[in-house]
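Computed from the coordinates by the stated procedures, all read-outs in this text should not be read as laboratory data. Computed from a predicted structure; not experimentally measured. Cβ coordinates were reconstructed from backbone atoms using ideal geometry, including for glycine residues, and neighbour counts include every protein chain displayed.
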Ligand code: IVH
């Protein structure tokens, strides 16, 4: 067996050890666990992991929160080269430069055997959230290191190449990484393929910051793109960084500079907020401070009322920015905005403007949350972090935006917003299915409508009476059921009937769907039941040919126990390569549960029997993939 398979086994054992002894909530049976241990004993009898089983796990790891022995401070910021250069006058010697990765800070503790013991988020800097069980699922974090009783601090983040597939549904890789590391189901954390940049080592005396970086690299941490530079290389280092960072596979929001000499670091010390020996240089031209004029509230196609900041125009990265979305009510409340406050605006990834923070609150009047819908004037409701129009069915803007979305999703040409407004105001089209019953005569009643155009528009509608399932799902205009998720659901379940039966739990077992998305999808589909029935009178959903892309196309698999003839990862890769999908939990829609020989009674098995799912042993599974090979 290869070395990394031993590593995988050790990771699995430590994770299940934690579930059993710390959380008292095992996911596998005692026999399954013993099976893993026997296997490791055979493969690597001297593994330090064997010593950890059931042994004195510190009480602190049982709590939901973990106290930081040394506070996790913030970084002071600089926005121009001049102040950065001025700062370097405070100390002697070189600097260590590293990318400021946009993720979330975490502290990873290693015990006296150098084995991962527990992990916490930064939290408020003094107390963080216990994320130990999910940290086991981040392959970029070594399980054991050749240093005892130490703490590694760094940034958990998601590579842009991984984020690509979630772009439509999630605001930023940072938000998604934060959600992924706090998943209730650790298997899901694993699927998000998170990365980790280590930037600090506590518990080992070093003379230089650079020594720490080298040690961290030796321990197996990525400390990507860090460099040691002299003061007179500072300007050039910024220029090189600005040129190179666009090619990095992660989002950066600046450069971190630290004093290399530890004795100089000690001499400079720290404030309550930040160390004086480090500085974050925020990317030039991509952020700036300006005044907030007002907040405008706009109603979306689903009736969500979203705040948008109107700001004093500011030029950032070559474009003048005069407004920026504040995303949702929760974010608006958090920012605690006042008229004329000074606010910091950045262009995320150099493109999307974002109001990051209030730099000076000012004395202007507080900005109010609307008590009525800005479009229809009726009442509003608040759910979680969102504000909604309470009567979206009768709200003109909501309905028009919704129809506009429907037309775009089905790619019906010729129906711009203006025509939709006219059709709505003339009471010809109130909801999507009304488009399907429109006649040339109806259209000819409208101003500026000629025979040729009317015929063309009706013809455009009639060509869209057969659509793909993915397109149909997208056209429903449900929050969080965008292009990517529609495709996942269509590929996975193949029929609208199956998708309409899904509950939140089943949706959450799908890679990339979290609890909020699941909730929105279930609620959205429920709310649109009548609309769907009406649409299906006129629109047919094209049948997907299940064998078109691979022999296991659309077939879903869950594994339990340890396979004898291949690693779990290899088995999963094989299924995926044949067009199948891997789920982490048994759902009613599952096609196969593969049960390895050593798997005993487990929740997965019980559920599979209850739902009458096809259960395969390892031999049968190999046959399926073997046959498929031919
Ligand atoms: S050094 C005292 N290095 O930025 C904190 N921080 O705004 C010393 N960050 O909470 C941190 N990349 O989570 C350091 N290469 C890097 C970093 C980095 C991202 C984060 C870190 C910190 C935040 C401060």
- [ ] Compute the length gained on full extension between residue 124 and residue 149: take 0.36 nm times their separation in residues and subtract their Cα-Cα distance, giving the result in nm to one decimal.
- [x] 6.7 nm
Open item on the list: Nearest 500 deg cm²/dmol is fine: what mean residue ellipticity at 222 nm does the chain get from its DSSP H runs of n ≥ 4 alone, each adding -39,500 (n - 2.57), divided by its residue count?
Closed with: -10000 deg cm²/dmol
Task: Ordering of 412-418, 213-219 by packing [mean C-beta count within 10 Å, highest first] - done: 213-219, 412-418
Task: Residues in segment 292-335 that a label on residue 182 would reach, taking backbone N under 18 Å of a point 7 Å out along Cα→Cβ - done: 327-335
- [ ] Assuming R0 = 41 Å, can you tell me the calculated FRET efficiency for the pair residue 611 and residue 274, based on Cβ-Cβ distance, to the nearest 0.05?
- [x] 0.15
Open item on the list: Taking a ≥ b ≥ c as the square roots of the Cα gyration tensor eigenvalues, with a/c under 1.5 meaning rounded and otherwise prolate when a/b beats b/c, else oblate, which class fits segment 310-374?
Closed with: prolate
Open item on the list: Rounded, prolate or oblate, given the Cα gyration tensor of the chain, with a/c below 1.5 counting as rounded?
Closed with: oblate
- [ ] Please tell me the relative contact order of the chain in percent, rounded to the nearest whole number, where contacts are Cα pairs under 8 Å and at least six residues apart.
- [x] 10 percent
- [ ] Any chance you could run the full-extension gain for residue 448 through residue 601? It's 0.36 nm times the residue separation minus the Cα-Cα distance, nm to one decimal.
- [x] 48.0 nm
TODO: For residue 529 and residue 90, calculate 0.36 nm times their separation in residues minus their Cα-Cα distance, and state this gained length in nm to one decimal.
DONE: 151.4 nm
- [ ] Can you put 508, 158 in order of Cβ neighbours within 10 angstrom, beginning with the fewest?
- [x] 508, 158
TODO: Please order 577, 47 by the number of other Cβ within 10 Å, starting at the fewest.
DONE: 577, 47
Task: Residues listed by number, segment 571-607, amide nitrogen under 19 Å from residue 619 label point at 7 Å toward C-beta - done: 593-600
TODO: Report the label-to-label distance for residue 233 and residue 113 in nanometres (one decimal), using points 7 Å from each Cα along the Cα→Cβ vector.
DONE: 4.1 nm
Open item on the list: Based only on other Cβ atoms within 10 Å, what is the fewest-to-most ordering of 537, 396?
Closed with: 537, 396
- [ ] With r as the distance between the Cβ atoms of residue 498 and residue 379 and R0 = 35 Å, compute the FRET efficiency 1/(1 + (r/R0)^6) and round to 0.05.
- [x] 0.45
TODO: Distance from a point 7 Å along Cα→Cβ of residue 417 to each backbone N in segment 367-382: keep the residues under 20 Å and list them by number.
DONE: 373-377
- [ ] Let me know the shape class of segment 423-569, please: from the alpha-carbon gyration tensor, a ≥ b ≥ c as square roots of the eigenvalues, rounded when a/c is under 1.5, otherwise prolate if a/b is greater than b/c, or oblate.
- [x] prolate
